[in-house]
Amino acid sequence: MTERKLKAWVKAGLIDGDTAARIRNYEAAHARPLALWAVVGLAALAIGLGIISLVAANWDALVPQTRLALHGILLGVLALVLWSIADDRGANGRDRVSPALIDAALLVFALLGLAFFGHIGQVYQTSAPPWQAVALWLALFAPLLLAMGQGWASATLLVGGAITLAWLRADDPLLGTTFAHPGTGLIRSAAECTAPALFMPLAAFALRQKLAPRSNFGHRLSQIALAYVLAAISLMVIFSSFSLWASVDSDGTIHTALLTLAPLLGLAALLLWRIDRSPAGSANASILVLAALAAIAAYPLSGSAIGAGLLFLALWGGIAAAALHSANRALFQLATTLFALRLIILSFEATGGLLMSGLGLIIGGLLTLVIAWGAWHLSHTFAPDRAARPSAGETP
Amino acid sequence: MNPALRLALLALPLAGLGWVWYDTAQRNAQGIEWDVPVTGYDPRDLLKGHYVQFQYQWPVDPPAPSLRKASAAPALSDDASGLCLIGSAPVIARTAPLGAPKDPTAQSCTGIARSPLSTGQTTIPHSGRLYVSEAEATRLQTALSDPHQQATLHFRLRPDGIIVPISLSFQPKR
């Protein structure tokens, strides 16, 4: 393909014959035996698949302890692979292994580790609650993920593991609370479910320590934790419009639980602000403060469609302002879109009585058009430049 | 990264998982093995994932005739902290609910079965589950739903009262 292009470029006068010759020489010197690699890869794949299907076909015939031992050996082999590829100084003059490959190996290693708990549960018929396995898994794998994580995969595993642990514990009758019947464990649960927000100051701390080759991992940790906080608080505000929480909260447990969110989010904001004074850091800290305020306001406003709607608008309006401050284009556009959608719903709620009439429908439709146009205009006029901030894929 | 630290970080999960395996195997190896009749948990959904779910039919003490027809569950109230098993393993001659956790009658029990209720509290085990392979699941489901067959669970009673299911067997009902 290169030869055909080169001839075309020489013909079009884009490059001269000498340049074309130099390119040919360079390509010849740097040619990689792709076909050979493909054949070797295919053979390795065939052998691997063959072994897997042999084991799978006889899986039930194996003694359970042998199965567990095979699982353990697989984990050991992966640990060896990780040991050899995670040498970030590029020993023996080798090229450094790509971060994506290290992250993929970490992902497989950690997931196989999690599956080991399930495997033990099957072999020994254990009946322990699932959160205990997740807690132990986090204790064993979190140090590794924190120290060697490179990007999306390990950051998702780490923050996702912490979030899963908190929510599994929130729905365990043995711990005194379930989603269907909130009990005495609700306050503890609320605090635990808020704790993943602390990954934001943690990531900021790691980034300040200038762990340069892994700054991508730090940004991912922070982004996932922020996304979790925003999703959880937004859902809570949306749910608050459905019913008056005070009416099902005779002993005030739900109110206390909601009030415990605020100081924890505030603590995360304070730590983040102390560690990271950049526009992005202070914007994220103020978003956490907004989330804390929304958690306090949701309870008294619950049951009121208009009140909860205004709270949602205030929350996402504030987030849009913070995104402008930190020149975060994606977050700004998300915030304006959500703001506009909620405003449209609110306008229909406000004109609810009129909706029965033709006039109400016309007013509602016109309002929708105005809001949609305004939001589109706003998000394109004021959105920070794409180049203003390192985008998702880059590592500054 | 410091090679010693890297080694420690990679060894921690392996050592931890190894310990979990050893600890679980140790704990499950202790205790006495018993047999108890069981019945399908929910006729519409006997299998949940790869688990066969069932309810225990503990022989109630005293064996009042009226209770034989009804389910055994009402006699074994949730107020009890556990179930006293009396008999010569693996045959359970009779059972009796235990009151307070320090019930003096516990002295005469051959074994005590407990099911965790909430922190520090236990109750009588009413239902359990057994992990089975995909091939065996269909056979067990058919057998459990057969009204002419009585299913019996062979289990190990751990010293802490937790039931570890081992296998299901079927006999024609008399």
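What residue, among those in the stretch A:141-181 that are at the interface with another protein chain (Cβ under 9 Å from one of its Cβ atoms) and at pLDDT below 85, is farthest from B:V20 (Cα to Cα)?
Out of the qualifying residues, it is A:G176.
Working only within the stretch A:228-249, note down all residues that are outside any loop (DSSP other than H, G, I, E, B), in contact with a helix residue (DSSP H, G or I) (Cβ under 9 Å, 6 or more places away or on another chain) and either of a type in the set (D, E) or closer than 20 Å to A:A280 by Cβ (or both).
Answer for the stretch A:228-249, where residues must be outside any loop (DSSP other than H, G, I, E, B), in contact with a helix residue (DSSP H, G or I) (Cβ under 9 Å, 6 or more places away or on another chain) and either of a type in the set (D, E) or closer than 20 Å to A:A280 by Cβ (or both): A:Y228, A:V229, A:L230, A:I233.
Consider A:S222 carefully, then state whether it is buried (at least 22 other Cβ atoms within 10 Å of the Cβ) and not hydrophobic (A, V, I, L, M, F, W, C).
Taking the combined requirement at face value, the residue satisfies it.
If we scan the stretch B:145-164, do we find a residue that is within 12 Å of chain A (Cβ to nearest Cβ) and more than 22 Å from B:Q26 (Cα to Cα)?
Within the stretch B:145-164 (the criterion being within 12 Å of chain A (Cβ to nearest Cβ) and more than 22 Å from B:Q26 (Cα to Cα)), the answer is no, since none of the residues qualifies.
What is the one condition in (1) outside any loop (DSSP other than H, G, I, E, B); (2) among the aromatic types (F, W, Y); (3) at pLDDT below 90 that A:W9 does not satisfy?
Result: A:W9 passes all but (3).
From the set of residues in the stretch A:84-112 that are touching a helix residue (DSSP H, G or I) at 6+ places or on another chain (Cβ under 7 Å), at pLDDT below 90 and within 10 Å of chain B (Cβ to nearest Cβ), which is farthest from A:L140 (Cα to Cα)?
Only one residue fits best here, namely A:D88.
Could you check B:S133 against (1) within 13 Å of chain A (Cβ to nearest Cβ); (2) in contact (Cβ under 8 Å) with a residue 60 or more places away in the chain; (3) hydroxyl-bearing (S, T, Y); (4) within 23 Å of B:P97 (Cβ to Cβ) and say which number it fails?
Unmet for B:S133, out of (1) within 13 Å of chain A (Cβ to nearest Cβ); (2) in contact (Cβ under 8 Å) with a residue 60 or more places away in the chain; (3) hydroxyl-bearing (S, T, Y); (4) within 23 Å of B:P97 (Cβ to Cβ): (4).
Could you say whether any residue in the stretch B:63-78 is outside any loop (DSSP other than H, G, I, E, B) and either under 22 Å from A:V123 (Cα atoms) or modelled with pLDDT of 85 or more (or both)?
no
When you scan the stretch B:110-174 for strands (runs of 3 or more DSSP E) that lie fully inside it, which ones turn up with 2 or more residues that are of a type in the set (A, V, I, L, M, F, W, C) and at pLDDT 85 or above?
Output list reads B:111-113, B:149-157, B:163-172.
Go through A:S347, A:S326, A:S304 for me and flag whichever is among the polar types (S, T, N, Q) and surrounded by fewer than 15 Cβ atoms within 10 Å (Cβ to Cβ).
The unique qualifying residue is A:S304.
Looking at the stretch A:114-129, which of the residues that are within 30 Å of the chain's Cα centre (by Cα) and hydrophobic (A, V, I, L, M, F, W, C) is surrounded by the most Cβ atoms within 10 Å (Cβ to Cβ)?
Per the criteria, the residue is A:F116.
Restricting to the stretch A:28-67, name every residue that is surrounded by 10 or more Cβ atoms within 10 Å (Cβ to Cβ) and of a type in the set (D, E, K, R).
A:D60, A:R67 - these are the residues of the stretch A:28-67 that are surrounded by 10 or more Cβ atoms within 10 Å (Cβ to Cβ) and of a type in the set (D, E, K, R).
I'd like the full set of residues that are part of a loop (DSSP other than H, G, I, E, B) and either aliphatic (A, V, I, L, M) or at pLDDT 85 or above (or both), limited to the stretch A:22-80.
Scanning the stretch A:22-80 gives A:A31, A:A61, A:L62, A:V63.
Considering only the stretch B:19-42, how many residues are part of a helix (DSSP H, G or I) and either at the interface with another protein chain (Cβ under 7 Å from one of its Cβ atoms) or in contact with a Ser or Thr (Cβ under 7 Å, 6 or more places away or on another chain) (or both)?
5
Any chance the stretch A:113-129 includes a residue that's away from every other protein chain (no Cβ under 11 Å) and at pLDDT below 90?
Looking for residues that are away from every other protein chain (no Cβ under 11 Å) and at pLDDT below 90, one finds none in the stretch A:113-129, hence no.
Please verify whether A:L111 is under 24 Å from A:A232 (Cα atoms) and in a helix (DSSP H, G or I), treating the condition exactly as stated.
No, not satisfied.
For the stretch A:232-266, what are the residues that are exposed (fewer than 15 other Cβ atoms within 10 Å of the Cβ), closer than 17 Å to A:I187 by Cβ and in contact (Cβ under 8 Å) with a residue 60 or more places away in the chain?
Across the stretch A:232-266, the qualifying residue is only A:T256.
The values are calculated or read from the model by the stated rules, or taken from the named source; none is laboratory data. Just so it is clear, the model here is predicted, and its values are computed rather than measured. Because the Cβ atoms are built from the backbone with ideal geometry, glycine has one as well, and the counts that use them run over all protein chains shown.
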